């Protein structure tokens with residue numbers, strides 16, 4: 001009876017141990033204990049986020065300018081004048 005309980009506990013502990021090993025906690029602890037590597041990884045990820053943000057903003061801005069240009073061509077009475085002014089201002093800045 002005691003042996004069965006011991007075996008069951010051993011099996012459960014082995015399952016828990018394998019799950020902990022699969023979560024890669026050891027690698028995370030090594031990363032936390034190495035501040036230079038952590039700073040380097042965070043720096044690179046920050047550069048990637050900033051670059052992605054700049055590219056995304058550029059693409060969305062280009063799409064908006066294109067759409068405003070298309071609206072200006074359609075000559076919608078009220079909106080057309082405002083859109084034409086905005087497109088002129090943007091084109092002057094380019």
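Observations on the model:
- Looking only at the range 72-88, and only at residues there that are out of contact with any helix residue (DSSP H, G or I) (no Cβ under 7 Å at 6 or more places or on another chain), surrounded by 10 or more Cβ atoms within 10 Å (Cβ to Cβ) and assigned to a helix (DSSP H, G or I), the one that is modelled with the highest pLDDT: 88
- Conditions (1) closer than 30 Å to residue 93 by Cα; (2) in contact with a helix residue (DSSP H, G or I) (Cβ under 9 Å, 6 or more places away or on another chain); number of the one not met by residue 38: (1)
- Only one entry in 69, 61 is surrounded by 10 or more Cβ atoms within 10 Å (Cβ to Cβ), within 22 Å of the chain's Cα centre (by Cα) and closer than 19 Å to residue 94 by Cα, namely 61.
- Number of the exception - residue 51 against (1) free of Cβ contacts under 8 Å to residues at least 12 places away in the same chain; (2) in contact with a helix residue (DSSP H, G or I) (Cβ under 9 Å, 6 or more places away or on another chain): (2)
- Failed condition for residue 33, given (1) at pLDDT 85 or above; (2) within 22 Å of the chain's Cα centre (by Cα): (2)
- Tallying residues that are within 36 Å of the chain's Cα centre (by Cα) and surrounded by fewer than 10 Cβ atoms within 10 Å (Cβ to Cβ) within the range 1-17 yields 0.
- Neighbours by Cβ (under 9 Å, 6+ apart or cross-chain): first from the range 16-42, at negative phi and touching a residue at least 40 places away in the same chain (Cβ under 8 Å); second surrounded by fewer than 10 Cβ atoms within 10 Å (Cβ to Cβ) and assigned to a helix (DSSP H, G or I): none
The values are calculated or read from the model by the stated rules, or taken from the named source; none is laboratory data. Note that the structure is a prediction, hence the values are computed from the model and not measured. Because the Cβ atoms are built from the backbone with ideal geometry, glycine has one as well, and the counts that use them run over all protein chains shown.
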